[in-house]
Structure formats: structure tokens, C-alpha cells
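Please read the structure below before turning to the comments.
The values are calculated or read from the model by the stated rules, or taken from the named source; none is laboratory data. Please read these numbers as outputs of a predicted model, since none were measured by experiment. Virtual Cβ from ideal backbone geometry, glycine too; neighbours counted across all protein chains shown.
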Amino acid sequence: MLRDRKIRFLLVVMFTFCFGYCQTTIVSPPASSDSDSNTIEWIKIKESVWIHKSFGSFDGKTYPSNGLVVLANKGVVVIDTPWTIAQTEELIQSIQSKFQKEILFLVVTHAHDDRMVGVPSFQKRNIPVYSTKQTAKIAKEKGYGVPSPILDIQTRLSAGNVSIEVFYPGHGHSPDNIVVWLPETHILFAGCLVKALEAGDLGNVKDADLLQWELSVKRVLSRYPDAEVVVPGHGNWGKLDLLRHTIRLLITPND
Ligand SMILES: [Zn+2]
């Protein structure tokens, strides 16, 4: 009897231990860069141009988001902020430790949180934040800070040995979306106007104009036919076929 009880006790202990252990093993998240992680990723496109990849949520799901870091002789230019304040702080500190250069200015490509939520982190360090008038107006209404509205339909900014051209092609993903062209490296940062090849739909279309969007993408195609690299707002970078893929999604949005 006593022996039976001992065996039962041992079985309970073993079961509890195994269950606890197995459960822990099963529910452990996979080792990957994940959602709530505040860690940004760096993707090198050319010697002087990097993607800063951050993570944020939309409709309860986690998505990656792309911005650019452009190195010039006089300092660094940042295109769009990461998707959270914490990741923006990390980006600014990483730029200082990785490149030992000051940030000359930030360009934001439209007034959505994945482009602008980190603006206060730049402004509190007195780093200029540039946008178009339209973006500045929407940003003010949405509480994303107040960028300097110095950009026009087409503006070329100088950052020492590097030029940064911005171009407003018309309404697409949002009424104010602009693209950024780096003439020396032939890199086109197309932002959320353009979808990655792996994107099967148009993503967040709450501020989109589904009729104008195609024409706006075509304007970018005809203006920058010699783009060698195209960086979308979300997903993998590629070539000009990302623009043609976006047009296909617009023509057959349910594909
Ligand atoms: Zn957007």
C-alpha cells in the first residue's frame, strides 16, 4: 500500500515535471526577429545606402517597414522613421555608433504612423524634418509633429556629395505620398506607393485613391526608367518590376 502510494507520488512528480517542461518547450516563441521586438534590422543596398527595417502592427498583425539611411560626406540623411518611438531611438543611436556621423535631416514620405511616428525623436535633437505642405498639414491634424514643409512637387536637396530628389506623382496609397530618388546610386525609395513582389494585395487602402494610383505609379515609371533598385514601404526591395506588380494589383485587386 505504502509502496503504491510512493509510486503514485513519483508518477505525479514525473508527470508534473514533464508536462511543465514540455509545455514550456511547445509554447516558446520561435527564435526570430519578431513583432514587439524593438530591434531594427539593417540591410545594405550599396556602400552608402542602407534600409532600416522596423516592425509595427496594423489590424492586429505585425508587418515589417522600410526606411532609408543615406551616407554622405557631410553626414547622414534618413528617409522615414521606424514604426515605433523605441525603434526610432534605437536607429538614431545606431547611426551614431555605426557611422560616427551626424544626421543632417529627415525626409518623411507621407503622413502615416509607419513613416512619421518617430518624428519627435528627431525634433527633440534639433534635426530638421522635411515634408511637403500637404504632408505637414495632415501630420498636424493627426498629431504626428510639425515637419518643415519645404518640399514641392519636385525638389532636389543637397547633402554634401549626395543629392536627394523628392517627387510627388499624385494620389496613390495616400493623397500625399512622395518618392525619393538618389541620382548618384540610381536607388528609388518608392515608399508605400509601391508594393513588394511578395505582396498579394494593396495593404492599407483607407486613404488610397484606387483610380488615380495606377497613373501615379506610371508617372514614377516614366520619370525614373533607369532605377536599378526600388525600395517599397514594406517587404523586399527589387527592381522596376515592383512598379509593374503594383499596377497589376490595382487592375486586379483580388488576385
Ligand atoms: Zn501609409
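Okay, here's what the table says:
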quantity: Check on Gln96, touching a strand residue (DSSP E or B) at 6+ places or on another chain (Cβ under 9 Å), surrounded by fewer than 24 Cβ atoms within 10 Å (Cβ to Cβ) and without any contact (Cβ under 8 Å) to a residue 12 or more places away in the chain; calculated: yes
quantity: Selection from the stretch 204-255 of residues that are among the basic types (Lys, Arg) and more than 16 Å from the ligand (Cβ to nearest atom); calculated: Lys218, Arg219, Arg223, Lys239, Arg244, Arg248
quantity: Only one of Leu151, Leu182, Leu104 that is of a type outside the set (Gly, Ala, Ser) and either closer than 18 Å to Ser54 by Cβ or touching a Pro at 6+ places or on another chain (Cβ under 9 Å) (or both); calculated: Leu104
quantity: Matching entry among Asp207, Asp226, Asp241 (being modelled with pLDDT of 95 or more, acidic (Asp, Glu) and under 13 Å from His110 (Cα atoms)); calculated: Asp207
quantity: Conditions (1) modelled with pLDDT under 85; (2) within 23 Å of Ser121 (Cα to Cα): number failed by Leu10; calculated: (2)
quantity: Residues of the stretch 75-105 satisfying the condition of being in a strand (DSSP E or B) and within 25 Å of Lys206 (Cα to Cα); calculated: Ile79
quantity: Test: residue in the stretch 193-203 that is of a type in the set (Val, Ile, Thr), more than 15 Å from the ligand (Cβ to nearest atom), touching a residue at least 24 places away in the same chain (Cβ under 8 Å) and in a loop (DSSP other than H, G, I, E, B); calculated: no
quantity: Scope the stretch 191-214; condition crowded, with 20+ Cβ neighbours inside 10 Å and farther than 18 Å from Ile251 by Cβ; matching residues; calculated: Gly191, Cys192
quantity: Condition check for Gln87: away from the ligand (no atom under 14 Å from the Cβ) and out of contact with any Gly (no Cβ under 8 Å at 6 or more places or on another chain); calculated: no
